2 protein chains.
Amino acid sequence: MSPQALEAALRQIGAERYHILHPFHKLLHGGKLNRGQVQAWALNRYYYQCSIPLKDASLIGRATDPDLRREWRRRLSDHDGDAAGEGGIARWLALTDGLGLDRDYVISTAGILPGTRFAVDAYVRFVRERSLLEAVASSLTELFSPTIISERVSGMLKSYDFINKDTLAYFNARMIQAPRDSDFALDYVKREARTPGEQEQVLAALRFKCDVLWAQLDALHFAYVAPGHIPPGAFVPKS
Amino acid sequence: MSPQALEAALRQIGAERYHILHPFHKLLHGGKLNRGQVQAWALNRYYYQCSIPLKDASLIGRATDPDLRREWRRRLSDHDGDAAGEGGIARWLALTDGLGLDRDYVISTAGILPGTRFAVDAYVRFVRERSLLEAVASSLTELFSPTIISERVSGMLKSYDFINKDTLAYFNARMIQAPRDSDFALDYVKREARTPGEQEQVLAALRFKCDVLWAQLDALHFAYVAPGHIPPGAFVPKS
């Protein structure tokens, strides 16, 4: 496969498997959820957000190329910021604050769904244990994130009176960061995946990552969309 | 043990086991080595230098506390810099350049001693696999590095005409970075090691790290100090 064909195959995976196609996303940006359901989404998604630096640092910790380490270090800065209260995780907490969730409860991750935890932990483990090429490739869902973010932001601002621009500040930053990061990662896998076996690994890594995102919305949908089957111990919205 | 007693016990380990006591260090800073022997030291030590960001990023990749991650990220910046040619690893390569070693050969690590590789790899693995407390504690040899660095720099500048201030620039930066980093790590272990078991883990981690540094000088001494037993494949100085 040529690098161009590999890119086309990656984009095809996005077209078929990215969580923009999930019914829960459609409900979320379509204004069809109530405040409790949006709280559940933000609460669970926090676990994904706060795990991202762990997977990124784990990747850096396996990268013997200083250029790759330097490039990937920007992701750590983006998520953790340079001081307390800065960065993507802090911006996500501004969202959960804005939704009226108790911050300590969010940070404890005590109320997240088991399905969220298993999916996110599987992602961190994947990045720690698979080849560096697969670890980089698993970030490539960022290729597709500008579209889902713009749908989500415009739909949520329009539909929910408990959402405003400030609480969605996380996504403004991601609209700049994600394309920059995915450009780098896409160039990397197009350059480094030379054999058919490596190219198949890259494609499989992106499918895996789409599954990680999809499974999180599955868990939310099953638990919080009517009829709703909330597992023991998980967040129960106040009605 | 009180935090103060723990600190005293840590400092006692340094007084007894830090590689400032190793005969190879005494030869190095005492001007008793020839250029080939100093080359062998710098070549082997490069493997330690280039592995440091891997262990630091691996530690960040296990730290769920954003404050700890932000603090530790400075170590990544220190070693990798913000662009190619900057940072501690680049400064170490200025030293090996100045000693007349081929840069590609140094970076390949093809000529290092097996003893160097095993010791350094053991350190990276320790930080990846042990508790976060032990991982932090294993950095505490930095408590003792200002003394060895100042001995090394002044001794080497005085004794060797193939060494100058520019080639030793690595150590100037470390004189500032190491105390800052070790202050943080010392506070961390004094605060976090609460049980006798945790305190013993901290002490054992520092002993382990002293062994890592000591074993590297053992390997150099055995291979390159007369009579000298250079293993197959390792760097052979031109006489």
Requested in this report: Scan segment A:98-129 for residues that are within 11 Å of another protein chain (Cβ to nearest Cβ) and farther than 25 Å from residue A:231 by Cα and jot them down.
Outcome: A:127, A:128
Report summary line: Taking segment A:165-200 and the residues there that are of a type in the set (Val, Ile, Thr) and assigned to a loop (DSSP other than H, G, I, E, B), the one that is modelled with the lowest pLDDT would be A:167
Query raised in the report: Out of B:160, B:170, which single residue is touching a residue at least 40 places away in the same chain (Cβ under 8 Å), crowded, with 21+ Cβ neighbours inside 10 Å and hydroxyl-bearing (Ser, Thr, Tyr)?
Result: B:170
Query - Test for residue A:220: is it more than 17 Å from residue A:40 (Cα to Cα), surrounded by 20 or more Cβ atoms within 10 Å (Cβ to Cβ) and within 18 Å of the chain's Cα centre (by Cα) - result: no
Report task. Return a yes/no flag: does segment A:145-164 have any residue that is part of a helix (DSSP H, G or I), under 20 Å from residue A:234 (Cα atoms) and either within 14 Å of another protein chain (Cβ to nearest Cβ) or among the polar types (S, T, N, Q) (or both). Result -> no
Report task. Output the number of the condition that residue B:105 fails; it satisfies all remaining conditions of (1) crowded, with 18+ Cβ neighbours inside 10 Å; (2) over 16 Å from the mean Cα position of the chain (by Cα); (3) of a type in the set (Phe, Trp, Tyr). Result -> (1)
Query raised in the report: Going by the structure shown, is residue A:225 surrounded by 19 or more Cβ atoms within 10 Å (Cβ to Cβ), out of contact with any Lys or Arg (no Cβ under 7 Å at 6 or more places or on another chain), at pLDDT 95 or above and not aromatic (Phe, Trp, Tyr)?
Result: no
Requested in this report: Kindly indicate whether residue A:209 is buried (at least 21 other Cβ atoms within 10 Å of the Cβ), within 24 Å of residue A:55 (Cβ to Cβ), touching a helix residue (DSSP H, G or I) at 6+ places or on another chain (Cβ under 7 Å) and at pLDDT 95 or above.
Outcome: yes
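Here is a check on your reading of the model: is residue B:28 within 14 Å of chain A (Cβ to nearest Cβ) and in a helix (DSSP H, G or I)?
When the stated conditions are applied, residue B:28 does not pass them.
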Query raised in the report: Take the residues of segment B:59-77 that are under 19 Å from residue B:176 (Cβ atoms) and either within 8 Å of another protein chain (Cβ to nearest Cβ) or touching a residue at least 60 places away in the same chain (Cβ under 8 Å) (or both): which is nearest to the chain's Cα centre (by Cα)?
Result: B:75
Query raised in the report: Can we say residue A:80 is within 11 Å of chain B (Cβ to nearest Cβ), buried (at least 21 other Cβ atoms within 10 Å of the Cβ), at pLDDT 95 or above and under 25 Å from residue B:55 (Cβ atoms)?
Result: yes
Query raised in the report: Quick check: anything in segment B:44-54 in contact with a Cys (Cβ under 8 Å, 6 or more places away or on another chain), at pLDDT 95 or above and within 14 Å of chain A (Cβ to nearest Cβ)?
Result: no
Report task. Report yes if residue A:158 is in contact with a helix residue (DSSP H, G or I) (Cβ under 7 Å, 6 or more places away or on another chain) and among the basic types (Lys, Arg), otherwise no. Result -> no
Query raised in the report: Pairs under 8 Å by beta carbon, first residue under 14 Å from residue B:236 (Cβ atoms) and modelled with pLDDT of 95 or more in segment B:24-43, partner surrounded by fewer than 21 Cβ atoms within 10 Å (Cβ to Cβ) and of a type in the set (S, T, N, Q), six or more apart or different chains?
Result: B:36/B:239
Query raised in the report: Does residue B:95 satisfy the condition of being within 17 Å of the chain's Cα centre (by Cα), buried (at least 22 other Cβ atoms within 10 Å of the Cβ) and at the interface with chain A (Cβ under 7 Å from one of its Cβ atoms)?
Result: no
Query raised in the report: Is one or more of the residues making up segment A:122-143 surrounded by fewer than 16 Cβ atoms within 10 Å (Cβ to Cβ) and assigned to a loop (DSSP other than H, G, I, E, B)?
Result: yes
Report task. Among the residues of segment A:135-148, count how many are of a type in the set (Val, Ile, Thr) and either within 16 Å of residue A:27 (Cβ to Cβ) or at pLDDT below 95 (or both). Result -> 2
Query raised in the report: Within segment A:50-58, can one find any residue that is in contact (Cβ under 8 Å) with a residue 24 or more places away in the chain and within 22 Å of residue A:223 (Cβ to Cβ)?
Result: yes
Report summary line: Per the filter on segment B:112-121, residues surrounded by fewer than 18 Cβ atoms within 10 Å (Cβ to Cβ) and not aromatic (Phe, Trp, Tyr) are B:114, B:117, B:121
Query raised in the report: Which is over 23 Å from the mean Cα position of the chain (by Cα) and on the phi < 0 side of the Ramachandran plot, of B:194, B:207?
Result: B:194
Requested in this report: Mind listing just one residue for me: the one in segment A:5-44 that is under 17 Å from residue A:157 (Cβ atoms) and aliphatic (A, V, I, L, M) and, of those, nearest to the chain's Cα centre (by Cα)?
Outcome: A:42
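The values are calculated or read from the model by the stated rules, or taken from the named source; none is laboratory data. This is a predicted model, so every value here is computed, not measured. When we count neighbours, we look across all protein chains shown, and the Cβ atoms used for this are built from the backbone with ideal geometry, even at glycine.
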